[in-house]
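Note sheet for the following structure.
The values are calculated or read from the model by the stated rules, or taken from the named source; none is laboratory data. Values in this document were obtained by computation on a predicted structure and should not be read as measured data. Neighbour counts run over all protein chains shown; Cβ positions are idealised from the backbone, glycine included.
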Amino acid sequence: MEMNYVIDTFFIIFAMTLIIFMVPGFAMLEAGLVRTKNVTSVLTVNVMIYALASMSFLLVGYEYAFGSWDSQDTVSKWAFFMFQMAFVGKVINIMSGGVSERSRILPLAIFTRASRLRIKGYSPYIPKVLARVFSHLLT
């Protein structure tokens, strides 16, 4: 094993740990922003969303976004997966904070299932879509 591989893998695991520590922080922030009677519901939704997003990304999202499990040679594939999974769960947790006390659990679960990919999974298509949109607007 090369030293760069070990250092890069360690750095990704460290960064992933910092991102995952943001989950209880955002949960407590959301719990402080809602009425007392809804605190348990908000915390339950945060845990449920993170679990659903992580499982969906493991089962379907990673291969759809990155092609295959063997796409990373510079770092451990599991460290890279955990780093990406941390962002998937965090993005959806941040969104849930914006709709605290305004939506039910079922629509959030459906949104979580539908948005199991990060924007990186769509990045090859974004320039083409934007070019089409702007070409129609400018003509």
Going by the conditions given, is Val6 of a type outside the set (Asp, Glu) and over 22 Å from Val88 (Cβ atoms)?
yes
Residues that are under 30 Å from Met3 (Cα atoms) and modelled with pLDDT of 80 or more: list the helices (runs of 4 or more DSSP H) wholly contained in the stretch 21-139 that include at least 2 such residues.
77-98
Considering the stretch 42-56, residues that are among the small types (Gly, Ala, Ser) and in contact (Cβ under 8 Å) with a residue 60 or more places away in the chain, and then whichever is nearest to Arg102 (Cα to Cα), we arrive at Ala53
